[in-house]
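Encoded as structure tokens, the structure appears first; notes follow it.
Every number in this text was worked out from the coordinates using simple rules, so none of it is lab data. This structure is a prediction, so every number in the text was calculated from the model and none was measured. Note that we place each Cβ from the backbone using ideal geometry, even for glycine, and neighbour counts take in every protein chain shown.
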Amino acid sequence: MTNILVTGGNGQLGNCLKDLSEELSSQYNFIFKSSEELDITDFSSLTSFFESNNLNYCINCAAYTNVDQAEDDKALATSVNVNGVENLSKCCAGNGTVLIHISTDFVFDGESSNPYLEKDETNPINHYGSSKLLGEDMVLSYCEKHFIFRTSWLYSEHNNNFMKTMLKLSKIKDSLNVVWDQIGTPTYAKDLSKLILKIIQNKMDNFGLYHFSNEGVASWYDFAYAIFVETESEIKLLPINTSEYPTRAVRPHFSVLDKSKVKQAFGVEIPHWRLSLKVALKNFQKLN
Ligand SMILES: NC(=O)c1ccc[n+]([C@@H]2O[C@H](COP(=O)([O-])OP(=O)(O)OC[C@H]3O[C@@H](n4cnc5c(N)ncnc54)[C@H](OP(=O)(O)O)[C@@H]3O)[C@@H](O)[C@H]2O)c1
């Protein structure tokens, strides 16, 4: 049996993996752990967990993900996104476990106007991005057998995310302002989950750093517009500038990721974000 630990198992990506893992349960032993059950900042608990569970893979979905709060909570964000990842990397290396780690488009400053390649210079502009970049360094330093996937604008039917916030707001508001001058790509967390499971099922070993998002490009305004069109909402949507919606953390204006490397390495066809949005909305409706 292949043993797979999913840290941060109650988060959005963790829950998407949980849904998809059900079909694979006869061949794979998935162990989903919440932050309370397995805290990645606690090295001694991690060490004993790894020693007693003969893990083949660890999918690290655990992270401090509140981008604005991270500006005021720097120590905690660093502790999870850097020290926690260092702990996991050391445990994986020490036990021959493949580490599949998730990072972010926020490692870039957004000054480019071309989709970012893996080899492009990083320059995070907020604490969350800096901590995630240092987390990548920990994986690279301590765990040879790793996959790092930088992804962007994750959403799904689970946990809190932009799609679900828009759906909620459309029920209680007549109009909504959404920024149009931050450009990136929404990514359905189940599409990323499918790639991760494909790698495990096919025992792929082309380790390294990869970019993964859905295909296409959008502003947050475009994303909201598509959500409201798909759900036939009558809410009035107004585009605004980032300067009209100040947030605690600054965000890159452009963070589209180039996916050539991931497509070539794993032979995946990535759906356009508009197609994946329809799937996500259907799955959301099934749950509600
Ligand atoms: N969401 C996005 O838009 C986005 C974009 C790009 C990249 N990413 C990356 O994608 C990954 C998955 O994100 P997500 O959207 O699934 O985030 P999420 O829903 O916030 O899930 C993160 C999970 O990590 C857990 N966690 C926090 N501290 C922990 C600790 N010390 N030990 C163990 N678990 C801990 C959290 O548990 P508690 O809730 O109990 O604290 C939460 O369940 C993250 O690495 C994130 O940085 C996300």
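So here's what we get for this one:
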{"item": "Per-region count, segment 86-128, residues touching a Pro at 6+ places or on another chain (Cβ under 8 Å) and within 21 Å of Ile196 (Cβ to Cβ)", "result": "3"}
{"item": "Lone unmet requirement of (1) under 29 Å from Ser21 (Cα atoms); (2) surrounded by fewer than 17 Cβ atoms within 10 Å (Cβ to Cβ); (3) touching a residue at least 60 places away in the same chain (Cβ under 8 Å); (4) touching a Leu at 6+ places or on another chain (Cβ under 8 Å) for Glu230", "result": "(3)"}
{"item": "Any hit, segment 218-225, residues being under 28 Å from Ala62 (Cβ atoms) and surrounded by fewer than 17 Cβ atoms within 10 Å (Cβ to Cβ)", "result": "no"}
{"item": "Those residues of segment 58-73 which are of a type in the set (D, E, K, R) and either in contact with a strand residue (DSSP E or B) (Cβ under 8 Å, 6 or more places away or on another chain) or away from the ligand (no atom under 13 Å from the Cβ) (or both), in sequence order", "result": "Glu71, Asp72"}
{"item": "Helices (runs of 4 or more DSSP H) contained in segment 176-288 and holding at least 2 residues under 16 Å from the mean Cα position of the chain (by Cα)", "result": "189-201, 273-287"}
{"item": "Cβ pairs under 8 Å, 6+ apart, first in segment 134-160 and at positive phi, second assigned to a loop (DSSP other than H, G, I, E, B)", "result": "Trp153/Thr185; Trp153/Pro186; Trp153/Ser213; Asn159/Gly11"}
{"item": "The listed residue being outside any loop (DSSP other than H, G, I, E, B) and closer than 15 Å to Ala189 by Cα, out of Ser21, Ser52", "result": "Ser21"}
{"item": "Sole residue being surrounded by fewer than 16 Cβ atoms within 10 Å (Cβ to Cβ), more than 14 Å from the ligand (Cβ to nearest atom) and among the hydrophobic types (A, V, I, L, M, F, W, C), chosen from Leu24, Leu55, Leu76", "result": "Leu24"}
